[in-house]
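Here is the structure we will look at.
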Amino acid sequence: MTIRHSKRVVIKLGTSTLTRGSHNLDRALMLEIVRAVMALKKQGYEVILVSSGAIAAGREFLNQIKLPKDLCYKQMLAAIGQVKIIEEWEHLFAIYKQRVGQILITKADLESRERYLNARDTLLSLLEYDVIPIINENDAVSTQEIKVGDNDNLAALSAILTDADTVLLLTDQMGLYDKDPRTNEDAALIREVETVDDKIVSMALGSKGELGTGGMATKIKAAKTCTEAGITLIIGSGGEPAFICDYLTGKKPCTRFLPSKNPVLAKKSWISAATLVKGTIVVDDGASEALLRHGKSLLPKGIQSVEHEFLRGASVEIVSSKGEVIARGLTRYSSEELLMIRKHDSKEIESLLGFTHGDEAVHRDDMVIFKEK
């Protein structure tokens, strides 16, 4: 297999990697990671880091004090730890006179197209001025409703944001095994995955670690997001940062998830992976046929009903008359407006509403198809 040389890579560092499985940050390991990142930059790579470890850093700063399990205390640790861990990264990169910038993200920043583009512009501006972005979820203020949930998938979404070629997830394992290597001596490393199917997903279940919020299952989900967007995802061991470059070039054993040969656009990846569904549009059989088999946009004439209230630009599920979710997309009209123009020809929109946002209820470019015939 020919390894395509990536020039923009997102490297995700898990808590178990940054602590080497202990309760404290391993500064010596972090320095090795910095050294490896600087070596990549000398080879022409642009590097973005997604760094876990904020809560572990907060616990360390408070001398591992025992706290109640209430969410507010976990967020307190994150608030303290976000400061401490960025201080560590800034200090270590300063040894090489490399500047870093911190970006704290919640899922809400990715659900809004405007905020998504703002985050993208900020990240690309940092890269333009040779500043390494260090991304983490803003756990100090995130609630369950607005969390991405884990930094594996945050890394995948960050790669889509920045048009990265590759995501490297560093963890406490060499990659994905056909069995849990901690309990099966004969477990074999899977070196290459072409398609993230049910078999691959089943291999990843039940592998959650104690220190982090992820596990192999979240990495497989991230791999699916990346590969569908045309991005290579690699899982490798974080215990030996010197091998980071070897993972990217295929010289070191790891698991490499190959990008789809028919990747969806970055915008469609965002629609599929990051947006929160606000409503449902039920379409007739003719509209289903047009979407699934002919690659058409959804026109008002094919809409049977509209469920829930939502504004223009909201993410909606498109459902067939049989109740099957066939697509997700961004609507050009609000739910109230769609109810007024459904079952009508597009040429009637302006007379019905007094204005028009275009002939389509959901344009093909703003739509991801989930069910193919």
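Give me the pairs, please: first residue somewhere in the stretch 298-322 and not assigned by TED's automatic domain parsing to the domain that holds S346, second residue anywhere and of a type in the set (D, E) and at pLDDT below 95, beta-carbon distance under 9 Å, and either six or more positions apart or on two chains. Once the first residue is not assigned by TED's automatic domain parsing to the domain that holds S346 and sits in the stretch 298-322, no partner that is of a type in the set (D, E) and at pLDDT below 95 comes close enough.
You will find that of L13, L31, L18, the residue that is in contact with a strand residue (DSSP E or B) (Cβ under 6 Å, 6 or more places away or on another chain), of a type outside the set (G, A, S) and assigned by TED's automatic domain parsing to the domain that holds L124 is L13 and no other. The single condition among (1) among the hydroxyl-bearing types (S, T, Y); (2) surrounded by fewer than 16 Cβ atoms within 10 Å (Cβ to Cβ); (3) not in a strand (DSSP E or B) that S288 does not meet is (2). Residue check: is S52 at pLDDT below 95, of a type outside the set (A, V, I, L, M) and closer than 24 Å to G215 by Cα? Against the criterion (at pLDDT below 95, of a type outside the set (A, V, I, L, M) and closer than 24 Å to G215 by Cα), S52 qualifies.
Okay, residues lined up against (1) touching a strand residue (DSSP E or B) at 6+ places or on another chain (Cβ under 9 Å); (2) not aliphatic (A, V, I, L, M):
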position	(1), (2)
V282	yes, no
H294	no, yes
P300	no, yes
H308	yes, yes
S321	yes, yes
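Considering each residue of the stretch 261-270 in turn, none proves to be assigned to a helix (DSSP H, G or I) and over 21 Å from F370 (Cα atoms). Restricting attention to the stretch 226-273, the residues that are crowded, with 24+ Cβ neighbours inside 10 Å and among the polar types (S, T, N, Q) add up to 1.
Kindly indicate whether any position in the stretch 314-322 is farther than 12 Å from G279 by Cα, in contact with a Gly (Cβ under 7 Å, 6 or more places away or on another chain) and at pLDDT 95 or above. No, the stretch 314-322 has no match at all.
Check every one of the helices (runs of 4 or more DSSP H) wholly within the stretch 104-197 and list those with 1 or more residues that are among the acidic types (D, E) and under 20 Å from L248 (Cβ atoms).
151-162
For the stretch 293-316, which positions are crowded, with 18+ Cβ neighbours inside 10 Å and hydrophobic (A, V, I, L, M, F, W, C)? Those that are crowded, with 18+ Cβ neighbours inside 10 Å and hydrophobic (A, V, I, L, M, F, W, C): L298, L299, I303, V306, F310, A314, V316. Here is a list: L157, L161, L117. Which entry is under 18 Å from W270 (Cα atoms), exposed (fewer than 14 other Cβ atoms within 10 Å of the Cβ) and not acidic (D, E)? Selected residue: L117, the only one of L157, L161, L117 that is under 18 Å from W270 (Cα atoms), exposed (fewer than 14 other Cβ atoms within 10 Å of the Cβ) and not acidic (D, E).
Scanning the stretch 43-91 for residues that are surrounded by fewer than 21 Cβ atoms within 10 Å (Cβ to Cβ), aliphatic (A, V, I, L, M) and either assigned to a helix (DSSP H, G or I) or not assigned by TED's automatic domain parsing to the domain that holds D130 (or both) yields L71, M76, A79, I80, V83, I86. Counting the residues of the stretch 323-373 that are under 14 Å from A287 (Cα atoms), in contact (Cβ under 8 Å) with a residue 40 or more places away in the chain and assigned to a loop (DSSP other than H, G, I, E, B) gives 11.
Rundown of residues vs (1) in contact with an Asp or Glu (Cβ under 9 Å, 6 or more places away or on another chain); (2) acidic (D, E); (3) not assigned by TED's automatic domain parsing to the domain that holds A164, yes/no style:
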site	(1), (2), (3)
S260	yes, no, no
S288	yes, no, yes
E350	no, yes, yes
L353	yes, no, yes
R364	no, no, yes
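Within the stretch 214-235, the set of residues being in contact with a Lys or Arg (Cβ under 7 Å, 6 or more places away or on another chain) and in a strand (DSSP E or B) comprises T232, I234, I235.
The values are calculated or read from the model by the stated rules, or taken from the named source; none is laboratory data. Just so it is clear, the structure is predicted and the values come from calculations on it, not from any experiment. Using ideal geometry, Cβ is built from the backbone for each residue, glycine included, and neighbour counts are taken over all protein chains shown.
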